[in-house]
Every structure is written in structure tokens, then in C-alpha cells.
Amino acid sequence: MANRAQIPTNNSALIAMIADEDTITGFLLAGVGNVDLRRKTNYLIVDSKTTVKQIEDAFKEFTTRDDVAIVLISQYVANMIRFLVDSYNKPVPAILEIPSKDHPYDPAHDSVLSRVKYLFSTESVASDRR
Amino acid sequence: MSGQGQRLNVVPTVTVLGVIKARLIGATRGHALLKKKSDALTVQFRAILKKIVATKESMGNIMKSSSFALTEAKYVAGDNIKYTVIENVKTASLKVRSRTENVAGVKLPKFEYFTEAETKNELTGLARGGQQVQGCKTAYVKAIEVLVELASLQTSFLTLDEAIKTTNRRVNALESVVKPRLENTISYIKGELDELEREDFFRLKKIQAFKKREIEKQMKSSKQFAEDQAAENLSLQRGISMNAAHNMLSATPKDADIIF
């Protein structure tokens, strides 16, 4: 009917990552990393020297690539580009916030859960974000 | 907008009334169906939400344990495995397949991950710590499983949210705009038809009254005529015609001798 957001059936889509070095290393070990002919990678290592602009560009690039189905982003990195993450409303690719070693998972700042905090009146998961 | 008083602009005839009534029935049925759909979607929505919260918790734990495994591997195999791993990246061996599932009439996406070729990480940790590296690898693969499931839950969640909003918008539109408008149109047409009927009725009554008066007048004049006839007969019996005198006078001009 009014299904404007088309969800494409993709047979092989990548998982993109924007996280700190250790997390990326781990995931690359598992085999998620991809470098294509033009030396474009599907991951961005964020350290103390990375600028917010670089992160923004990487995020925009990953979300507009049509062979990327999931974007994993560390929560503290997501906090740096919070406005971009919150204004993102396409179903594909899916944006997932993952914890990192130094910053444990904080449901109060998760962009998806904060959208539905009103549903959890008493047992509020994201009740801290007011 | 300008709600309650609106009605459609139509010619107030009986056929149009039938058409609008059919439309009202259609709108009512559509409204009930959409409400049911919205309720079904909301039930699914809440179920998915619960699952998402649970999965996020478990994801937090799994990430913790995999980071721990990575630290172990780094400790044993030396800190330089990072560079080896990064150098070894070619094509991804873990990829994701997406397909759509139909839930209560809404197409929801679902991701599942699958492994292609094996990675070229066999040489990592060859010097020392190979077991830890393998352990770390399996931990992260498990983490990816959970993350892929979480991703599909999240996308279904967002899509369902959109769908619920649209359906509710349609329900409200039917309830507060379309149906009142149709009902107002129906009452307007009925009012017009009643007025036409009343006009007709009034006209009929007036004609009846007129006819009655005519008949009464006729009756009166025929009664008068009958009375006159009766009087004439009576006077003829007595030998005088009441009208005779009149008749003589009126008959004489034919006589040429009498000059009047």
C-alpha cells in the first residue's frame, strides 16, 4: 500500500563498522572486513585523531551505499554525531549502537530506545534521557 | 479544518441518496477493518519491543566477553596482531542476506548472516597465541550473530512504527472527516426530498380543495335548477305558466302587427 521505503532483497550485503581500534580488530578477525578494488573499506577506525567531519562523512557514505545492510557504531562515536544518527529514519541499512571496552552499553542514549521511552511508563529503559 | 458542518455538493435525488448510502456503508466497514489492522500491528510492535530490549541486554554481555577474549589474545600473541589482521583484510567472509516477511499485511525486513569463503586469517598468531586468537574469533562470530538478529529486529520495529502511524492516520481520517461528511450529505438529501414531498402534498391538497369548491358550486346551481323545474311543473298544472307571460312577451316580436 503506502510502502514508500522499499526494503530491497539483497543476497549478499556487508556489515559496515565505525568503532575504536580494538573492536574493529575483533570484528575483522571474525571476517567482517571488506576491501574492494578501489581500496574502499567497509570500516572506519576511530581514535583520538579522527575528526568529527571524518566520522560524519563515513556515516553518510555507509548509509548511502546499497551493498551495506547493517552499520555498527560504537556508542561514544554515536554520541559525537548524535544529530545525524537521530535524524536517520531509513529502515535499511540498520544502525546498531554497540558498546566499547571503555564505555559500557548505556540504553539511555540509544536512538531507537529513546524514541519509544513513552511506551515504558513505569519500567523505563531509557528513562534517564529527559 | 472546518469539520462538522461540511457535506458533499450533490443533486438531492433518490439515486444519489442510494449512492451515498452505499459509500457510507463502505466507509464504516473500512474503518472497522483498519482498526483491527492497527490493533494487530500494535500487538506485534509490543512483542518486538520486548525482544529488542532483551536482545540488547544480551548483546551488551556478549560484547563484553568478546572484548575480553580479544584482550587475552592480544596479551598472548603480542600487541601487533592488530596490524596483521588489518593487513589481511580482503573480501568479507561474513555477509548478510535480507529478505522481507509479511506480518499482518506489512512487509518487514529480516536479516540473516551467512559465511562465504574462509578468511585469510590462518596465519595470525602462528608464532604464539594461536588458540587465543581462534577463541577470540569464535567469540566475535557469535557476537555478529546476535548483532544481525538485533539489526533485523530494529528494522522491523521502525517499519512497524511507520505502518502503525499510517494506519492510525487513516482510521482517524475516516472517523472524523469522511463519515461525518457522508452523514451530513445524507441528511441534507433527505431534507430536500422531504421538502419536495411536502410541496407536492400541499399542491395536491390545494387542488382537492378547489375541486371540492367547484363541485359544491355545481351542486348548488343544479339544485336551483331542479327547484325551478319543480315550480314550473306545479304552475303548469294550475293552468298558468309562470314563464308564459315572459314567453308571450318574448315571443311577440315575431308578430309583425304589433309594434313595440
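The values are calculated or read from the model by the stated rules, or taken from the named source; none is laboratory data. Everything numeric in this text was worked out from a predicted model, so none of it was measured. Cβ sites come from the backbone with ideal geometry, for glycine too, and all protein chains shown count toward neighbours. All accessible areas refer to the heavy atoms of the entire protein, side chains included, with ligands and DNA or RNA removed. Shrake-Rupley method; radii C 1.70, N 1.55, O 1.52, S 1.80 Å.
Modelled spin labels at B:T115 and A:D102, positioned 7 Å past Cα toward Cβ, are 3.4 nm from each other.
Legend: mean number of C-beta atoms from other chains within 10 angstrom of residue C-beta atoms, peptide B:39-52, equals 1. Comparing chain B with the 2.2 N^0.38 Å rule of thumb, its C-alpha radius of gyration ratio is 2.80 (two decimals).
Order the peptides B:205-215, B:152-162, B:178-188, A:35-45 from the highest to the lowest mean number of other Cβ atoms within 10 Å of their residues.
B:152-162, B:178-188, A:35-45, B:205-215
Peptide A:69-81 has a mean of 2 when you count, residue by residue, the C-beta atoms of other protein chains within 10 Å of its C-beta. B:A54 to B:K142: FRET efficiency via 1/(1 + (r/R0)^6), r the Cβ-Cβ distance, R0 22 Å, to the nearest 0.05? Here the calculated transfer efficiency is 0.85. Looking at the calculated P(r) for the range B:193-241, what percent of the C-alpha pair distances fall above 19 Å? Above the 19 Å cut-off, the range B:193-241 has 56 percent of its Cα pairs. The residues packed around B:T13, meaning those with a beta-carbon under 14 Å from its beta-carbon, carry a net charge of -2 if Lys and Arg are +1 and Asp and Glu are -1. Scalar couplings 3J(HN,Hα) for the range A:79-85, obtained by applying the Karplus form with A = 6.51, B = -1.76, C = 1.60 to θ = phi - 60°, are 5, 5, 10, 3, 5, 5, 5 Hz; x denotes Gly and Pro.
Overall size of the range A:30-98 from C-alpha positions, given as principal axis extents largest first: 32, 31, 22 Å. With contributions of -39500 (n - 2.57) from each DSSP H run of at least four residues, the per-residue ellipticity at 222 nm computed over chain B stands at -25500 deg cm²/dmol. Taking both sides together, the accessible area buried where B meets A is about 4400 Å² for a 1.4 Å probe. Each residue, B:K190 and A:S87, gets one label point 7 Å from its Cα in the Cβ direction; the gap between the two is 5.3 nm. Compared with the alpha-carbon gap, the fully stretched path from B:R7 to B:L236 is longer by 74.5 nm at 0.36 nm per residue.
Checking the cross-link pairs B:K36/B:K95; B:K50/B:K90; A:K40/B:K74 against a 31 Å limit on the alpha carbon distance flags B:K36/B:K95; B:K50/B:K90 as lying beyond it. Of the residues B:L196, A:L29, the one with the largest accessible area comes first in the ranking B:L196, A:L29, computed with a 1.4 Å probe on protein heavy atoms. Within 10 Å of the Cβ of each residue in B:140-147, the mean number of Cβ atoms contributed by other protein chains is 5.
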